[in-house]
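Participant: Here's a structure for you.
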Amino acid sequence: MAYFSYKIEHDFGLAPNPFGGYCTLAVCKPTIRNNKDLKLGDWIIGTGSAKLKMLHHLIFAMQVEEKITMQEYWDDPRFQYKKPVINGSLVQMYGDNFYHVDAKTKKWKQENCAHSLIGGRTNEEHLRVDTGGKFVLISTTFIYFGDKAIQIPKRFLEVCSEGRNMKGPSIPLKTADNFILWLMGKYELGIHGDPINWKQHLNSK
């Protein structure tokens, strides 16, 4: 079992998307989603950043149980509810299932979503980065804290990525194993809080 950790700069419930019983990582972080060393059973750990004022706080942890392509994700009946509805609820607005291959052009198409430009126009930069990760990572074994992010105990801080990039092989396995054992023993699986950046929407009303 291996571990992959990264700092989260913004948290809208898009990446990861923890809703509907499945935690999914479908967009952003192509270096993790497309990592040749990532196997089923591995853990992804997302920690807070200085930008979120949550450095060394745990936002989510998920054990990868499935890896499917973006097109398979689009077609899968289980994940139709994750297709975004821009004028819907916040959960619907930040759905992460919005890429598929256009039947005519045979190129990736970005549906109107949180990564689109105004008016639903394609954001080419997001399309390039998002589709650069071939796989969507799926989990039912996850803990998502969001705005209830917990302080990671000092004895486990080596699981955190201190830079801008992913941290993987350099995470001490014993420390990470003990961290997950501690986490699973202390907290229930599932959602414990709302996405951190939702307060922007709530405060604007």
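Participant: Work out the charge dipole of the stretch 54-141 with +1 on the Cβ of Lys and Arg and -1 on the Cβ of Asp and Glu about the Cα centre, then indicate which of Gln92, Ile118, Ser139 is farthest towards its positive end.
Facilitator: Sorting the options by dipole projection puts first Ile118.
Participant: If exposed means no more than 14 neighbouring beta carbons inside 10 Å and the site is in a DSSP loop, what's the longest run of the chain without any exposed GluC sites (Glu not before Pro)?
Facilitator: Details: sites that count: Glu9, Glu162, Glu188.
No qualifying site falls inside 10-161, the longest such stretch.
Participant: Please arrange Val129, Val64 by counting, for each residue, the other beta carbons lying within 10 Å of its beta carbon, fewest first. Write out the running numbers ahead of the final one.
Facilitator: Values: Val129 15, Val64 24.
Going from least to most buried by this count: Val129, Val64.
Participant: Which of the trypsin sites (Lys or Arg not before Pro) across the stretch 40-76 are loop residues per DSSP, with 11 or fewer other Cβ within 10 Å?
Facilitator: On the way: sites: Lys51, Lys53, Lys67; in loops: Lys51, Lys53.
Passing sites in the stretch 40-76 are Lys51, Lys53.
Participant: Let me ask something else. If contacts are Cα pairs under 8 angstrom and at least 6 residues apart, what is the relative contact order of the chain in percent? Could the numbers behind the result be given before it?
Facilitator: On the way: 419 pairs, mean separation 61.5, N = 205.
30 percent.
Participant: Can I ask one more? Using only alpha carbon pairs under 8 Å that are at least six residues apart, calculate the relative contact order of the stretch 100-202 and give it in whole percent.
Facilitator: 26 percent
Participant: Expressed as a fraction of 2.2 N^0.38 Å, the rule-of-thumb size for a compact globular protein of N residues, what is the C-alpha radius of gyration of the chain? List each step's numbers first, then the result.
Facilitator: Values: Rg = 16.5 Å, N = 205, 2.2 N^0.38 = 16.6 Å.
After normalising by residue count via 2.2 N^0.38 Å, the value is 0.99.
Participant: Report, to two decimal places, the Cα Rg of the stretch 105-198 normalised by 2.2 N^0.38 Å (N = number of residues). Walk me through the intermediate numbers first.
Facilitator: Numbers: Rg = 17.7 Å, N = 94, 2.2 N^0.38 = 12.4 Å.
Computed over Cα atoms of the stretch 105-198, the ratio equals 1.43.
Participant: Using alpha carbon centroids, what distance separates the stretch 88-106 and the stretch 109-136, in Å?
Facilitator: The stretch 88-106 and the stretch 109-136 have Cα centres spaced 8 Å from each other.
Participant: Under a GNM of the chain (C-alpha, springs under 10 Å), which listed residue has the highest mean-square fluctuation: Gln63, Gln80, Gln92?
Facilitator: Residue with maximal mean-square fluctuation among Gln63, Gln80, Gln92: Gln80.
Participant: Something else now. Given the options Tyr73, Tyr94, Tyr81, state which has the largest fluctuation in a GNM of the chain using a 10 Å cut-off (strictly under) for Cα springs.
Facilitator: For the chain, modelled as a Gaussian network with Cα springs under 10 Å, the answer is Tyr81.
Participant: Kirkwood Rh, Cα Rg: Rg to Rh for the stretch 52-172? Provide the component values of the computation, followed by the final result.
Facilitator: Working: Rg = 16.9 Å, Rh = 16.7 Å.
Rounded to two decimals, Rg over Rh is 1.01.
Participant: Can you compute the charge dipole magnitude of the chain about its Cα centre, using +1 on each Lys and Arg Cβ and -1 on each Asp and Glu Cβ, nothing else charged? Give it in debye, rounded to the nearest 20. Don't skip to the end; give the middle numbers.
Facilitator: Values: 27 positive and 21 negative charges, 72 e Å.
In debye, rounded to 20, the chain gives about 340.
Participant: A further question on this structure: Would you mind computing, in nm to one decimal, how far apart the modelled labels at Ile118 and Lys174 are, each placed 7 Å from Cα along Cα→Cβ?
Facilitator: Spacing of the two 7 Å Cα→Cβ label points: 5.7 nm.
Participant: Answer rounded, prolate or oblate for the stretch 1-90, using the Cα gyration tensor with square roots of eigenvalues a ≥ b ≥ c: rounded when a/c is under 1.5, else prolate when a/b is larger than b/c, else oblate. Don't jump to the answer; show the numbers that get you there.
Facilitator: Working: a/c = 2.07, a/b = 1.14, b/c = 1.82.
Oblate.
Participant: Set the bar at 25 Å for Cα to Cα. Now go through Lys167/Lys199; Lys51/Lys134; Lys134/Lys154; Lys174/Lys199; Lys36/Lys148; Lys29/Lys109 and name every pair that lies beyond it. It would help to have the intermediate numbers written out before the result.
Facilitator: Numbers: Lys167/Lys199 29 Å; Lys51/Lys134 28 Å; Lys134/Lys154 35 Å; Lys174/Lys199 37 Å; Lys36/Lys148 32 Å; Lys29/Lys109 19 Å.
Over 25 Å apart, Cα to Cα: Lys167/Lys199; Lys51/Lys134; Lys134/Lys154; Lys174/Lys199; Lys36/Lys148.
Throughout, read-outs are computed from the coordinates displayed, never taken from laboratory work. Model, not experiment: these values are computed from the prediction. All Cβ positions, glycine included, derive from the backbone under ideal geometry; neighbour counts span all protein chains shown.
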